[in-house]
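The values are calculated or read from the model by the stated rules, or taken from the named source; none is laboratory data. Computed from a prediction, not measured in an experiment: that's the story for all the values here. All Cβ positions, even for glycine, are placed from backbone atoms using ideal geometry, and neighbour counts span all protein chains on display.
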Amino acid sequence: MGTLEEQMKALSVQHQPLRRGRTPHDELTASVAEIQVLPSQKASNDSQSAENTGSELALPEDILFHVHTLMPMRDAARAACVSRVFLNSWRCYPRLTLDTETLGIHLDTDEEEEKIESDFVSRVDHIMQNHSGNGLKKVKIRTHPCRNLHPSNVDRCLQIAISPGIEEFELQIYRRRNMEYDFPSSLLTTARGSSIRSFVLTYCAFHSTMTVGCLSSLARVYLRCVHITGDELYCFLSNCPALEQLDLSNCSDMIFLKIPHLLIQLNLLWVQHCHKLQMIEANAPKLRDFNYTGMPIHISLGDSSQVRVIEMHCEHESRMIYFARTKLPSIAPNLQILHLSSCNETINIPMITGKFNCLKYLELEIMLQLSSLSPDFDFHSLVSFLDASHALETFILRVEAPALQHDVVLEYSEADSSRPGCLSGYRHEKLRNMMITGFCSAKSMIELTNHILEKTVSLECLTLDTTRGHDRRLVMIDKCLRMSKEAVMEAEKACLSIRRHIQGRVPSTVNLKVIEPCSTCHTLEKCYDALQYTQFL
């Protein structure tokens, strides 16, 4: 009868122009009654050929089942309401997304919360009771905005949802009042859980025990706002030998995170906002990407020769950049990409012997409060990173701070432009691109820029952005971010310092780009002045 593609093409031959106001899916659902199903024996005797009889299209049942699996869930459910064949197929529909949008529950602000929850439970129960559990591949259950669902309602759904053959499972429990859902880990037996490849839990408790079967196919785990201890997580991970990605967010019960040695396929580890966490030990030989958000803690990546990408972000006030400079060379000796962000980093970065021998891309983001800024804040100490990174090709420094309250443009002199005691004799031969956003007139920032110009023989492009965010503009909009009057004034001082103390040092082989406030920003500054003058009158 030809390939499946040829049979699907036969369907398109019967396509008629859409009636006004109807979508292709509506047309398909309305036309289900016109499809004649060939019995299996007759389909076999006729070499399973498709027959056109008048306006009716006769197709083998397995072809219609395949068509049904390709429909979005809502359209597949509608088709099942008007066709016996699709009703049978619905009992094995492979992808279930159970949320208010897919279920067609309108979130009217005037409607009582109890009514919405009642509709949600009723529709989910109806769907799961009419589904055999066979053929399920992907299940997503999202209870928002139902905040007071009883755990028994979720349990009933999971009994069918977690069935043999399932590959992707996601449960997002909306935050409830005085009620915590405890995910039944006993459902993850060998028969039920051996096929799961992706496992997502949010806002519930997950007390894993040794009763969990071997999750031999599980490749991705994402736990967000899940109550689980370090011991329980270790027990769970010990049953996941094929795990490749582990993402933990806001798991506040963990004090330590230990990755079992058997996770030889783990290549990505993200740990974010786990506030009580004090230690991470991950001896995963193929780990390449490590992302951490929190306070500096003890981190050991074991045989970390494969780690290539690290992102570390601060929480509140921290010494994340100091921590990275002093600890990361030994934690990840073959690091290639490093992205760091820190709040109120007032500690100067020391010149130490640890090297980033393979580092090619370095991005530092420093967020400062007004109280942290003083004439002694030392951007120049970041030279320690550069002198330790002989393979560095791109360096980006982002400074997010209020306007400086002291004017150093007039204080700075050429005699102060070097620090012989702090500079190494090493010359950068691979650094090609450098960008500073939030460039200001601080003396130490001028010194940092001039140091790079003096020590770098390979530099091709130097971008100094006084508007704080030039490269983060919206696509196709050539305007800087809105700036306050103080920020515009600081940008003007920064531009003046560039002209006086940097521009003349830039070699002819380097493309210097200075990003200044646009005309709109200057117009806004005049508007501020006019407003203040009017208020004064």
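Out of curiosity, is I310 buried (at least 18 other Cβ atoms within 10 Å of the Cβ), part of a helix (DSSP H, G or I) and touching a Leu at 6+ places or on another chain (Cβ under 9 Å)? When the stated conditions are applied, I310 does not pass them. Out of L263, L287, report the one residue that is more than 22 Å from the chain's Cα centre (by Cα) and in a loop (DSSP other than H, G, I, E, B). When all the criteria are applied, what remains is L263. Among the residues making up segment 335-364, those that are over 19 Å from Y292 (Cβ atoms) and either touching a strand residue (DSSP E or B) at 6+ places or on another chain (Cβ under 8 Å) or not aliphatic (A, V, I, L, M) (or both) are T346, N348, P350, T353, K355, N357, C358, K360. The residue of segment 433-444 that is surrounded by the fewest Cβ atoms within 10 Å (Cβ to Cβ), among those that are modelled with pLDDT under 90 and of a type outside the set (K, R), is S444. Does V154 count as assigned to a strand (DSSP E or B), out of contact with any Cys (no Cβ under 8 Å at 6 or more places or on another chain) and closer than 19 Å to L103 by Cα? It is false that V154 is assigned to a strand (DSSP E or B), out of contact with any Cys (no Cβ under 8 Å at 6 or more places or on another chain) and closer than 19 Å to L103 by Cα.
Which one of these is more than 28 Å from N291 (Cβ to Cβ) and surrounded by fewer than 18 Cβ atoms within 10 Å (Cβ to Cβ): S217, S163, S198, S132?
On the way: S217 fails: more than 28 Å from N291 (Cβ to Cβ); S163 fails: surrounded by fewer than 18 Cβ atoms within 10 Å (Cβ to Cβ); S198 fails: more than 28 Å from N291 (Cβ to Cβ).
Step by step, each of S217, S163, S198, S132 is checked, and only S132 is more than 28 Å from N291 (Cβ to Cβ) and surrounded by fewer than 18 Cβ atoms within 10 Å (Cβ to Cβ).
From the residues in segment 249-266 that are in contact with an Asp or Glu (Cβ under 8 Å, 6 or more places away or on another chain) and surrounded by fewer than 18 Cβ atoms within 10 Å (Cβ to Cβ), which one is farthest from P296 (Cα to Cα)? Walk me through it before giving the result.
Initial filter on segment 249-266 (in contact with an Asp or Glu (Cβ under 8 Å, 6 or more places away or on another chain)): 256-259, 265-266.
When the remaining residues are screened for being surrounded by fewer than 18 Cβ atoms within 10 Å (Cβ to Cβ), the result is 256, 258, 265.
On the way: F256: 13, K258: 17, Q265: 26 Å.
Looking at residues that are in contact with an Asp or Glu (Cβ under 8 Å, 6 or more places away or on another chain) and surrounded by fewer than 18 Cβ atoms within 10 Å (Cβ to Cβ), I get Q265.
Within segment 88-116, restricting attention to residues that are in contact with a helix residue (DSSP H, G or I) (Cβ under 9 Å, 6 or more places away or on another chain) and part of a helix (DSSP H, G or I), the residue that is nearest to V67 (Cα to Cα) is S89.
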